[in-house]
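Below is one structure, written out as structure tokens; the observations come after it.
The values are calculated or read from the model by the stated rules, or taken from the named source; none is laboratory data. In this text, all values refer to a predicted model and were calculated from it rather than measured experimentally. Cβ atoms come from the backbone with ideal geometry, glycine included; neighbour counts cover every protein chain shown.
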Amino acid sequence: MGNSETGIVSPFDKIIDRTGTESLKWVYPRKVLKVDNAIPMWVADMDFEAPPAVVEAIRRRAAHGIYGYPLIPPSFWQAAIDWLKRRHGWNVRKDWMAKSPGIVPALNYCVRAFTEPADGVIIQTPVYFPFYHAVENNGRRLIRNPLRFDGRRYTMDLDDLERKIDQGGRLLILCSPHNPVGRVWTREELEGLGRIAVERDLLVISDEIHHDLVYSGHRQHIFAALSPELAIRTLTCIAPSKTFNIPGLSTAVAIASNPKLLEAFKDETERAGFELGQVFGIVGFEAAYAHGGDWLDALLPYLEANVELMEKFLEERVPGIHLVRPEGTYLALLDCRGLGLEPVVLNEFFLKKAGVYFSDGMMFGPELAGFVRVNFGCPRSLLEEALERIERAVAGLPERANRP
Ligand SMILES: Cc1ncc(COP(=O)(O)O)c(C=O)c1O
């Protein structure tokens, strides 16, 4: 299946049947929601095969047949160190790094390690819903610093952030790039945030899991790398899981040049009983960072073309739905308020009437009533099919005076 405009065939165009792999993304709408043949565009994994080097490394390791407790080889850390230097200009050292079974677990460890019960933890809403859980499930006080939205783009509200620090916020969980609003924060924005963090003695966990998925015209700035003052108050979480589509390998790293933060993090992972890594996670992580660069360089324009396609299609053919154009990540918000549907029925409308399953915007915060989050990390033909289904379902809605 090729790109209909250029005739060029991309490896990302290949439709891969995920049936039989117990894929959460594909099984959930059918088995739990009982809707057959819905196109799943929700949970954040892509419908693309991982880089060939990753598949080959895992295949080689699997062929051995013994899957005992693993050690982490020096080459694992080196692959991450080299990647961060090459792709982000960030010089990190092995003794700044600790492993984690994922970034969501790392957020939970950090909240427990860096705050006391009932301390305030600030999150910038709407945001990836496990941020809420990391605060609330650990008995900390959730403090919201809502993002501002001008109808097209989200920005940080730093005046409000200062007020939230006055209210007892000790720790901020930063999402950079931001899921689900799709912002790749500019250097100026992050420096503004950083000034406040230094002046007000705020600690920062910077979740940069989407750091490699950044589109043309934008650049990822690693928060901790902006200044030594920020480095000492920040723990950064990274992983190859989103970049190379290997989230099921459950392997991430936490990075802090401040030994106090890193030791507190490691102590917490030990208390949680996490010690050894996972055989295939270790192999996949290293292969991705060591050999996945060309694959990523081909993926990014493909994803960006998917954004262009969605934007144009919705603008021309689906009145009432507006794409909040993402600057990074393969997730984007669809502002569906123009459809005139009650927010509580919106996602069900897409599932039952269009046969497309999104993440409900309200999962990320009440600010997203009337929005859904689309995962466009899929072959173009699948995206086209989803958009056509949406067009037909929306055309079947009763006319509304306020629809353009
Ligand atoms: C911002 C953010 N953090 C963390 C995760 C998940 O991380 P992990 O699977 O390593 O726990 C995601 C997945 O979508 C995410 O978007």
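Yes/no matrix, rows are residues, columns are (1) closer than 23 Å to Leu213 by Cα; (2) assigned by TED's automatic domain parsing to the domain that holds Thr234; (3) more than 25 Å from the chain's Cα centre (by Cα); (4) among the hydrophobic types (A, V, I, L, M, F, W, C):
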| residue | (1), (2), (3), (4) |
| --- | --- |
| Ile58 | no, no, no, yes |
| Ile72 | no, yes, yes, yes |
| Phe76 | yes, yes, no, yes |
| Ala80 | yes, yes, no, yes |
| Trp83 | yes, yes, no, yes |
| Gly89 | yes, yes, no, no |
| Asp95 | no, yes, yes, no |
| Ile103 | yes, yes, no, yes |
Of the residues in the range 303-328, those that are in a helix (DSSP H, G or I) and surrounded by fewer than 20 Cβ atoms within 10 Å (Cβ to Cβ) come to Glu304, Ala305, Val307, Glu308, Leu309, Glu311, Lys312, Phe313, Glu315, Glu316, Arg317
Filtered residue count, the range 375-395, keeping only those that are in a loop (DSSP other than H, G, I, E, B) and without any contact (Cβ under 8 Å) to a residue 40 or more places away in the chain: 0
Which pairs have Cβ atoms under 6 Å, sit 6 or more apart or on different chains, and link a residue in the range 293-305 that is in contact (Cβ under 8 Å) with a residue 40 or more places away in the chain and over 15 Å from Ala53 (Cα atoms) to one that is surrounded by 16 or more Cβ atoms within 10 Å (Cβ to Cβ) and polar (S, T, N, Q)? Tyr302/Ser10
Take the conditions of a type in the set (D, E, K, R) and either within 22 Å of the chain's Cα centre (by Cα) or in the same structural domain as Gly277 (by TED's automatic domain parsing) (or both) and apply them to Asp47. Does it pass? yes
(1) part of a helix (DSSP H, G or I); (2) within 16 Å of the ligand (Cβ to nearest atom); (3) in contact (Cβ under 8 Å) with a residue 60 or more places away in the chain: which one isn't true of Lys99, the others all being true? (1)
So which pairs qualify, if the first residue must be in the range 236-253 and within 15 Å of Thr269 (Cβ to Cβ), the second must be within 10 Å of the ligand (Cβ to nearest atom) and among the charged types (D, E, K, R), the Cβ gap must be under 7 Å, and the two must be at least 6 apart or on different chains? Cys237/Asp207; Cys237/Glu208
Would a scan of the range 174-186 turn up a residue that is out of contact with any Cys (no Cβ under 8 Å at 6 or more places or on another chain), under 19 Å from Tyr109 (Cα atoms), touching a residue at least 24 places away in the same chain (Cβ under 8 Å) and hydrophobic (A, V, I, L, M, F, W, C)? yes
Boolean, Leu142 is part of a strand (DSSP E or B) and closer than 19 Å to Leu262 by Cα: no
If you check Trp90 against the conditions, is it in contact with a strand residue (DSSP E or B) (Cβ under 6 Å, 6 or more places away or on another chain), closer than 30 Å to Asn138 by Cβ and part of a loop (DSSP other than H, G, I, E, B)? no
Provide a single number: the residues in the range 79-94 that are more than 16 Å from the ligand (Cβ to nearest atom) and in contact (Cβ under 8 Å) with a residue 60 or more places away in the chain. 11
Subset of the range 57-72 (residues that are farther than 22 Å from Val104 by Cβ and surrounded by 14 or more Cβ atoms within 10 Å (Cβ to Cβ)): Ala57, Ile58, Arg61
Among residues belonging to the range 23-53 that are within 16 Å of the ligand (Cβ to nearest atom) and in a helix (DSSP H, G or I), point out the one that is surrounded by the fewest Cβ atoms within 10 Å (Cβ to Cβ). Leu24
How many residues of the range 134-144 are within 16 Å of the ligand (Cβ to nearest atom) and surrounded by 15 or more Cβ atoms within 10 Å (Cβ to Cβ)? The answer is 3
Can you tell me which residue within the range 340-350, out of those that are among the hydrophobic types (A, V, I, L, M, F, W, C) and surrounded by fewer than 21 Cβ atoms within 10 Å (Cβ to Cβ), is farthest from Gly370 (Cα to Cα)? Phe349
Taking the condition touching a residue at least 12 places away in the same chain (Cβ under 8 Å), surrounded by fewer than 21 Cβ atoms within 10 Å (Cβ to Cβ) and assigned by TED's automatic domain parsing to the domain that holds Phe244, does Phe149 pass? yes
Applying the selection to the range 329-365, what residues are in a helix (DSSP H, G or I) and in contact (Cβ under 8 Å) with a residue 60 or more places away in the chain? Gly338, Leu339, Leu351, Lys352, Gly361, Met363, Phe364
